[in-house]
1. Of all residues being part of a strand (DSSP E or B) and of a type in the set (A, V, I, L, M) in the range 9-53, which is modelled with the lowest pLDDT? Just the residue, please.
2. I'd like to verify a number: residues in the range 212-251 that are of a type outside the set (V, I, T), loosely packed, with under 15 Cβ neighbours inside 10 Å and free of Cβ contacts under 8 Å to residues at least 60 places away in the same chain, how many?
3. Among what's in the range 147-173 and is surrounded by fewer than 17 Cβ atoms within 10 Å (Cβ to Cβ) and under 22 Å from the mean Cα position of the chain (by Cα), pick the residue that is nearest to V101 (Cα to Cα).
4. Which of the residues that make up the range 306-325 are under 22 Å from the mean Cα position of the chain (by Cα) and farther than 10 Å from L285 by Cα?
5. Within the range 256-264, can one find any residue that is more than 21 Å from the chain's Cα centre (by Cα), over 17 Å from S229 (Cα atoms) and touching a residue at least 40 places away in the same chain (Cβ under 8 Å)?
6. Mind checking which residues of the range 265-288 are surrounded by 14 or more Cβ atoms within 10 Å (Cβ to Cβ) and not in a strand (DSSP E or B)?
7. Among (1) closer than 30 Å to D313 by Cβ; (2) of a type outside the set (V, I, T); (3) assigned to a strand (DSSP E or B), there is one condition A75 misses while meeting the rest; what is its number?
Amino acid sequence: MEIKAILKGIVEEGASDVFLIAGRPVSFKLGGRIKTLNDDPLLPVKTNALISEIYELAPNRKIECLLEKGDDDFAFAIPDVSRFRVNVYKQRGSLAAVIRVVSFSLPDPEKLNIPPAVLDLADRAQGLILFAGPAESGKTTTLACLIDRINSTREGHIITLENPIEYLHRHKRSLVSQREISLDTESYRAALQAALRQSPNVILTGEIRDAETVSVALTAAETGHLVISTISAVGAANAVDRLIGAFPDARHERIGAQLSLSLQAIVSQQLIPTLDDTVAPVFQLMLCNNEIRNLLREGESNRINQTVAACTDEGMISMDAAILRLYKDGRISAQNALTRSIDPDSMARQVNSSDKIYF
């Protein structure tokens, strides 16, 4: 199949994503930049044929789902090449796909520069841990490292709820059940409710977006389980606002109080393009000390990022401090330092005043 040869070549290039979109050549993302495989634009009939080949490689997946709903999300593997996560969709009367390259082996947290303090969250016995960040910020990879750390160091039952499953976890010291939404279960909410009856110690669930799912996650965290989830937000303060904002205004105070009791930590991460055409990860780590818990109870989330920056001696990590360090080391541009910072005004005062920054 031609798609096998295309993907094998792109994996060998070290790309992170592949794009099959009519009107452009086969494209891939390398170091945060889009490159093309050749100069031959894909015609719609060719794009459709390549995507049909992908479905032939994906067990238990039928192209009829895509044709009926307009988009589909799943994972597949090519032996001796890699695993892939693919989102296929209709656009302008043709089919298109974005394919994420996922290694067969679990990632090495040291090579990815994941801070040890983030991995130490695996030692938490119960409560809620949130991983925040925009799409393609590396959350899934960091979560895989955290789950592997738990699997390697603790005895128990780990349940992951994913859409789709990307990294495969072998049973080590723990038992690991990996459930794929729509294939193994109806929805995140249904799977999360069912997980409470499956004797879990750790529950990893994909992004929590609605009030019902948040409520079930909080209940699980309050009843002695470690619940790990993701949310699309940059910075701990925005993550808290988005979580509470899923509920009607009348419930905000109550949810803030629940969070003050069950929330253990928020990890926010980004991947910033560097001047040498790679990407550098930066992290913010908020740990729930007494001051953070008071802010959650009092509804003063606007003070969270400032508190994190002031509590680095307690193991917290300031994202803006990490960004500023990358800038001063000459690894990222002043523009990226400002646009990726949590507090752009403060960052602007700290970058070299002689730099000319264009937007």
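The values are calculated or read from the model by the stated rules, or taken from the named source; none is laboratory data. Predicted model only: the values in this text are computed from it and were never measured. Note: ideal-geometry Cβ built from the backbone for every residue, glycine included; neighbour counts use all protein chains shown.
1. Applying the filter and picking the extreme gives L30.
2. The number of residues fulfilling the criteria is 5.
3. This residue is L168.
4. Residues satisfying the conditions are D320, A321, A322, I323.
5. Yes, there is a match, as at least one residue in the range 256-264 is more than 21 Å from the chain's Cα centre (by Cα), over 17 Å from S229 (Cα atoms) and touching a residue at least 40 places away in the same chain (Cβ under 8 Å).
6. Taking the range 265-288 and keeping what is surrounded by 14 or more Cβ atoms within 10 Å (Cβ to Cβ), we get 265-274, 278-288.
Listed by number, the residues that qualify are T274, T278, C288.
7. Just one mismatch for A75, condition (1).
Each row is one residue, and each column tells you yes or no for (1) within 24 Å of T278 (Cβ to Cβ); (2) surrounded by 14 or more Cβ atoms within 10 Å (Cβ to Cβ).
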{"position": "N294", "(1), (2)": "no, no"}
{"position": "G299", "(1), (2)": "no, yes"}
{"position": "D313", "(1), (2)": "no, no"}
{"position": "M319", "(1), (2)": "yes, yes"}
{"position": "S333", "(1), (2)": "yes, yes"}
{"position": "N336", "(1), (2)": "yes, yes"}
{"position": "Q350", "(1), (2)": "yes, yes"}
